[in-house]
Amino acid sequence: MTLVEIMITMIVSSIIAASTFMFFAGQQRIYETQTKLLNIQQNIWAAMEVLTRYTRAAGGGMFECVRPANYANGLGGRSQNQFPSPGPLTLSLAAAPAAGVRTYNSTTGDQQWIPPLWIVDNSTVDTDILQNTDVLTVAFGTQTSGTDTDVTLGLAFGSSAPATPITLSLATGSNMFRAGEFVLLLTSKAFAYGFEPNNDRGCSMFQITNYAADTSTLQHQSTAVSEGMVWNPPGDLAGMLVAGGYAPGDGVRNFGSLFWVRFYIQQDATTGIPNLMMRQLHRGGAAAQPQVLAEGIEDLQVSFACDTGNLAGVNLAQANGQLDEGTDPSSDMLTDEWWNNVPNDHLPNFGDPGYCNLPTAIRLTLVARTLTPDDLIDPISKNGPMDVENHVYSTRPVDRYRRRVLSTTVFPRNNKPL
């Protein structure tokens, strides 16, 4: 073999080796990119499954516990009540709107409202929440019977003495309740407001702390936060219950276990990675601290619709079964039955066309990005965060992250006219 032949062989081998290296290097980069995309797709699908499951169950056990908005509340609560609520949010539990069930939070020492569905649109007031992302809070009871009342009161339950035992009309009525679970008191009084006269029937909630079989009494003493029982007042508290309290014959409903969960986006202070957080508000102490549900979720958007039938005013009985989605809420209110779906979209006041008190549908949208940037993307190409629903970037940041968007529509099970 001559020297020329050896040199030719080395040159050809080098070309083949270089080509092979470039091929496998390209494959490796594609593999890494697809792995990143697979990870965010798994995160976004898993997060959406949890969101939809909780949203679909919102309001379970709370039937007749939601009032219309801007009703001057004479039942011992606050006047502002919107379902869902577009108002500001703070991480304090006292920020909940006056909707749903009444209770007492021994963690904060406050009377507390627990609304079935609470939406905060593009929050900008909370430093712990990624700016201009939505916040979704849902509440529901499990193991409820689905009936209006399970048993009635045997003795009156005064509005100024909520720490007294609850006496049922049945001698063995306690058998349908369990310690640690919740019970709702509902008044039979007829108040003339809302779509029907019995909206918001008091709906005061207590956590059962002592279970004795074959008795007519339910105990609900305040106990330590570490035991997870934080929803009973430590003593008599005037103003917690409806004016006049509850009379013999008023309803008692088994609420079962309480789930009150908040979802929001928070950016990790160390890594800068945005995460979808899940905070279990129904638990006390350290157990109520937020936990990461999914990494790399940079936006949560929640829009909702009411089937008002395109009527001048709210008349759920004449809904047409169609959810129309317009683009100009200021001039297209009669045909746009979706809210928080376009910029400058504002929920109408009670009684206005398109007013939404009980959403027919809720659309959830998540935007996920890779945890690390991709060098294959040229930032000059204007790659960056995406406009979804009514979250529109005035100045779009430029980066090298790959993104995926997932959207689904949920029809709450417990959404029906009260």
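The values are calculated or read from the model by the stated rules, or taken from the named source; none is laboratory data. Values in this document were obtained by computation on a predicted structure and should not be read as measured data. Glycine gets a Cβ as well: all are built from the backbone with ideal geometry, and neighbour counts include every protein chain shown.
I'd like to check which strands (runs of 3 or more DSSP E) are fully inside the range 106-180 and have at least 2 residues that are modelled with pLDDT of 85 or more and more than 23 Å from Cys65 (Cα to Cα).
Values: elements: 110-114, 117-123, 133-142.
Where strands (runs of 3 or more DSSP E) fall fully within the range 106-180 and carry at least 2 residues being modelled with pLDDT of 85 or more and more than 23 Å from Cys65 (Cα to Cα), they are 133-142.
Is it the case that Asn415 is surrounded by 15 or more Cβ atoms within 10 Å (Cβ to Cβ) and either at pLDDT below 85 or over 30 Å from the mean Cα position of the chain (by Cα) (or both)? Can you show your working first?
Numbers: surrounded by 15 or more Cβ atoms within 10 Å (Cβ to Cβ): yes; either at pLDDT below 85 or over 30 Å from the mean Cα position of the chain (by Cα) (or both): yes.
So Asn415 passes the test.
Within the range 217-228, restricting attention to residues that are part of a loop (DSSP other than H, G, I, E, B) and surrounded by fewer than 20 Cβ atoms within 10 Å (Cβ to Cβ), which residue is modelled with the highest pLDDT?
In the first step, residues of the range 217-228 are kept if they are part of a loop (DSSP other than H, G, I, E, B); the result is 220-224, 228.
Then drop every residue that is not surrounded by fewer than 20 Cβ atoms within 10 Å (Cβ to Cβ), which leaves 221-224, 228.
Numbers: Gln221: 79, Ser222: 72, Thr223: 65, Ala224: 56, Gly228: 65.
Going through the qualifying residues, I end up with Gln221.
Residues of the range 200-214 being surrounded by 18 or more Cβ atoms within 10 Å (Cβ to Cβ) and modelled with pLDDT of 75 or more, which ones?
If we filter the range 200-214 for residues that are surrounded by 18 or more Cβ atoms within 10 Å (Cβ to Cβ), which is where we start, we get 200-208.
Selection gives Arg201, Gly202, Cys203, Ser204, Met205, Phe206, Gln207, Ile208.
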